[in-house]
Amino acid sequence: MEAISKTSKIEKIVKLTLITIIGTILITISSKIKIPFYPVPMTMQTFVILLIGITLGYKVGLATVTLYLLEGIVGLPVFANSPEKGIGIVYFTGPTMGYLIGFLIAVYFAGLFKYDKGLINTFLKLIFSVSFIYILGLIWLGMLIGWDKPIFKFGAEPFLLAELFKILLLLFLMPILLKTKKLIKIT
């Protein structure tokens, strides 16, 4: 009986490790692909952050995003503009650090919420979740370049239309994502 329990725990650890690594790969890929969009090219990174929260839940979502951030901090070229604009802790502490830290809060809330109260409710939960990426991003950007600059115009405004598109796409995919969450059945 004890051997079955140990085997079950090992299988769960292996499954969680593989899912977390696959999640970091998805975040990395989503950060590297730039889709033509107005007014600036769009990556699907925030889409994948919310998707991971929805499908994996807040615990595994946090583990996944934490691993992704650690991969970048130690120098793996996982961030959007790495290695072109630097790698490791130097890149991490640059202008995008607030947004990257915001990923943790966004994935937490996206994973914590229940999505069974209709489209408007789900839409508001996703907006709430992703807003932390921008709030922390703008705070860090303001601290870095100075509050006398048009921080919102630089750090959020160009991305809002793309963010709306990604959230609407998540709403459309929500039935599939919730079925996937049941199939993965992590927690």
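The values are calculated or read from the model by the stated rules, or taken from the named source; none is laboratory data. What you see is a predicted model, and the numbers here were worked out from it, not measured in a lab. Neighbour counts are summed over all protein chains in view; Cβ atoms, including those assigned to glycine, are modelled from backbone coordinates with ideal geometry.
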Identity of the residue in segment 144-187, among the β-branched types (Val, Ile, Thr) and under 19 Å from Gly53 (Cβ atoms), that ends up nearest to the chain's Cα centre (by Cα): Ile167
Filter result for the condition that a residue is under 17 Å from Thr46 (Cβ atoms), surrounded by 14 or more Cβ atoms within 10 Å (Cβ to Cβ) and of a type outside the set (Gly, Ala, Ser), over Leu177, Leu160: Leu177
Filter pass, Phe37 being aromatic (Phe, Trp, Tyr), in contact with a helix residue (DSSP H, G or I) (Cβ under 8 Å, 6 or more places away or on another chain) and not in a loop (DSSP other than H, G, I, E, B): no
Close pairs from segment 121-135: first modelled with pLDDT of 95 or more and small (Gly, Ala, Ser), partner surrounded by 16 or more Cβ atoms within 10 Å (Cβ to Cβ) and not in a helix (DSSP H, G or I), Cβ under 8 Å, at least 6 apart: Ser129/Phe113
Subset tally (residues that are assigned to a helix (DSSP H, G or I) and among the β-branched types (Val, Ile, Thr)) for segment 90-119: 4
Test result for Val60, modelled with pLDDT of 95 or more, β-branched (Val, Ile, Thr), crowded, with 20+ Cβ neighbours inside 10 Å and under 11 Å from the mean Cα position of the chain (by Cα): no
Every residue from segment 70-85 that is buried (at least 20 other Cβ atoms within 10 Å of the Cβ) and either part of a helix (DSSP H, G or I) or not small (Gly, Ala, Ser) (or both): Gly72, Val78, Phe79
Residue check for Phe172: more than 22 Å from Tyr91 (Cβ to Cβ) and touching a residue at least 12 places away in the same chain (Cβ under 8 Å): no
Residue match in segment 78-88 (condition: at pLDDT below 95, of a type in the set (Val, Ile, Thr), under 20 Å from Leu138 (Cα atoms) and over 13 Å from the mean Cα position of the chain (by Cα)): no
Qualifying residue in segment 152-169 (condition: closer than 23 Å to Ile19 by Cβ and not hydroxyl-bearing (Ser, Thr, Tyr)): yes
Answer residue from segment 120-159, given it is in contact with a helix residue (DSSP H, G or I) (Cβ under 8 Å, 6 or more places away or on another chain) and not in a helix (DSSP H, G or I) and is nearest to Leu170 (Cα to Cα) among those: Ala156
Failed criterion for Phe47 (all others in (1) under 26 Å from Leu173 (Cα atoms); (2) in a loop (DSSP other than H, G, I, E, B) hold): (2)
